[in-house]
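Shown next, in structure tokens, is the structure this report addresses.
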Amino acid sequence: MNSHEKLSYINEIEKLKKELKDKNDLINQLNNSLNGDEKLPKVQSLDYSLNKEAISNLNNENILRYSRQLILPEIGVKGQLRLSNTSVLIVGAGGLGCPSAIYLAAAGIGTIGVVDYDEIELSNLHRQILHTESRTGLKKSASVAASCSNLNSSVKCIPYHTVLSSKNALELINQYDIIVDATDNVATRYLLNDAAVLCQKPLVSGSALKFEGQLTVYNYQNGPCFRCLFPKPPPPETVTNCSDGGVLGVVPGIIGSLQALEVIKIAIGLPDTFKQRLLLFDGLAGSFRNIGLRPRQKNCAVCGDDPSIKELIDYEQFCGAKADDKGKNLTILEQSQRISAKEFSEILKSKEKHLLIDVRSPVELEICDLGECLNIPIGSIEKEDQLKCIENTIKDNNINKVFVVCRKGNDSQIAVKFFQEKLTSLGICFQDIRGGLYAWQKSVDQSLPLY
């Protein structure tokens with residue numbers, strides 16, 4: 001047997017050993033799932049040190065695993081080694097973080113940290129594709145880390161079950177080479193931007209809502225940061241997230257995959273990243289557009305020539321909104337202007353004359369309702385014809401009590417306040433149902449579907 005044949009047999013043996021290990025791992029995973037005892041990685045504390053060891057060569061298994069990208073002249077062995085020695089922190093284990101994480105693991109990124117404070121819910125699964133039904137209620141960060149490790153056991157996957165804040169962001173971000181913003185709220189975007197600038201890390205930012213997505217790279221090769229473009233946060237009431245506005249699951253899948261691509265290009269050192277460019281994706285039109293962004297601003301508060309922000313601030317106070325992607329809870333009405341779901345159910349039972357206005361969209365009304373109502377979507381309440389419709393309905397039916405309902409009790413408060421100002425002459429008592437349909441399902445009728 002010559003040396004070439006011997007090497008071929010050795011490689012074949014190693015390949016069969018790997019296949020056997022994968023099959024055994026799969027059998028164990030399926031058994032654990034059947035027993036409801038799937039093991040997820042232990043969540044790390046924030047003082048965890050990466051202890052990265054440089055990888056200087058690729059073994060036979062690496063060469064075979066990454067062979068399809070190794071033969072790309074832009075990557076090759078040097079590029080693959082750079083990926084293996086790169087650490088990436090993904091903030092957000094949801095619709096953007098899942099595809100980004102799994103493709104980075106597949107590509108052979110050496111270390112992937114995943115930050116998320118949340119647990120898996122059934123409503124996550126249509127877009128957060130690394131989570132499963134059997135993991136409902138478990139930590140998202142650990143779920144993503146488990147899925148990545150199952151795909152590529154050579155990648156170090158570190159879950160952090162925590163809210164990223166001004167107290168822990170610098171300590172955590174300093175340990176990683178590239179940061180991925182896969183969050184869904186403004187406060188964390190400003191926090192991540194400022195921390196990335198202070199730690200001198202590139203920030204790959206993505207967002208997705210409804211049928212649309214955006215992608216860009218901040219703080220890379222003297223390019224602009226998020227504050228260069230948006231020095232001040234938008235008013236909280238103008239910001240919509242997936243929980244309120246909805247999203248088609250494949251859209252964050254596309255944007256998250258593109259975020260992974262940008263990370264790979266940065267790690268390898270390839271040109272033509274989305275530094276100082278914004279990618280706009282329209283899922284309905286099936287179109288991609290590139291928009292040039294303004295360069296780094298010399299007067300920027302955090303990355304400018306004479307920055308005023310030299311340490312992290314209170315970003316919830318700065319943005320006037322919480323640093324999470326849960327639905328916001330407004331309180332703009334007095335308690336006397338609100339009733340509970342139970343109180344409204346008693347009104348329905350007594351058949352007391354009233355008018356119920358549902359300010360959800362018609363498509364939401366198709367999902368569920370509280371019975372006979374006047375449907376005026378929140379975006380249409382200021383229209384003259386809608387106000388006239390309410391006025392006529394009240395007068396024609398001799399009504400002196402009007403109740404307003406929405407999904408969670410936020411839009412209904414806005415509507416009540418508006419109706420009270422515009423329809424004062426009617427002398428009518430307008431009240432919203434506190435907590436909306438969520439409160440109704442919890443305290444009155446648990447058969448009502450939630451969405």
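Taken together, the criteria exclude residue 370 from residues that are assigned to a helix (DSSP H, G or I) and modelled with pLDDT of 95 or more. Any residue that is at pLDDT 95 or above, farther than 27 Å from residue 276 by Cα and basic (Lys, Arg) - is there at least one of those in the range 289-310? Checked the range 289-310: no residue is at pLDDT 95 or above, farther than 27 Å from residue 276 by Cα and basic (Lys, Arg).
When you go through 102, 109 one by one, which is the residue that is in a loop (DSSP other than H, G, I, E, B) and either in contact with a Leu (Cβ under 8 Å, 6 or more places away or on another chain) or among the small types (Gly, Ala, Ser) (or both)? Give the steps one after another, and end with the answer.
Values: 102 fails: in a loop (DSSP other than H, G, I, E, B).
So the residue among 102, 109 that is in a loop (DSSP other than H, G, I, E, B) and either in contact with a Leu (Cβ under 8 Å, 6 or more places away or on another chain) or among the small types (Gly, Ala, Ser) (or both) is 109.
Residue pairs whose Cβ atoms lie under 7 Å apart, separated by 6 or more positions or on different chains, with the first residue in the range 396-419 and hydroxyl-bearing (Ser, Thr, Tyr) and the second assigned to a strand (DSSP E or B), are 412/404; 412/405; 412/432; 412/433.
Residues are listed down the side, and each one gets a yes or a no for (1) out of contact with any Ser or Thr (no Cβ under 7 Å at 6 or more places or on another chain); (2) within 11 Å of residue 114 (Cα to Cα):
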site: 138; (1), (2): yes, no
site: 141; (1), (2): yes, yes
site: 145; (1), (2): yes, yes
site: 151; (1), (2): yes, no
site: 154; (1), (2): yes, no
site: 157; (1), (2): no, yes
site: 165; (1), (2): yes, no
site: 169; (1), (2): yes, no
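Evaluated against (1) more than 17 Å from the chain's Cα centre (by Cα); (2) over 25 Å from residue 18 (Cα atoms); (3) touching a residue at least 12 places away in the same chain (Cβ under 8 Å), residue 133 falls short on exactly one condition, (3).
Every residue, every condition in (1) of a type in the set (D, E, K, R); (2) closer than 27 Å to residue 213 by Cα; (3) at pLDDT below 95, yes or no:
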site: 79; (1), (2), (3): no, no, no
site: 83; (1), (2), (3): no, yes, no
site: 88; (1), (2), (3): no, yes, no
site: 92; (1), (2), (3): no, yes, no
site: 96; (1), (2), (3): no, yes, no
site: 104; (1), (2), (3): no, yes, no
site: 109; (1), (2), (3): no, yes, no
site: 113; (1), (2), (3): no, yes, no
site: 127; (1), (2), (3): yes, yes, no
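Yes/no matrix, rows are residues, columns are (1) over 18 Å from residue 192 (Cα atoms); (2) in the same structural domain as residue 184 (by TED's automatic domain parsing):
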site	(1), (2)
263	no, yes
267	yes, yes
270	yes, yes
276	no, yes
294	yes, yes
298	yes, yes
310	no, yes
324	no, no
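Among the residues here, residue 255 does not qualify as more than 20 Å from residue 293 (Cα to Cα) and not polar (S, T, N, Q).
The values are calculated or read from the model by the stated rules, or taken from the named source; none is laboratory data. A quick note: this is a predicted structure, and the numbers were derived from the prediction, not measured. With ideal geometry, Cβ positions are generated from the backbone for all residues, glycine too; neighbour counts draw on all protein chains shown.
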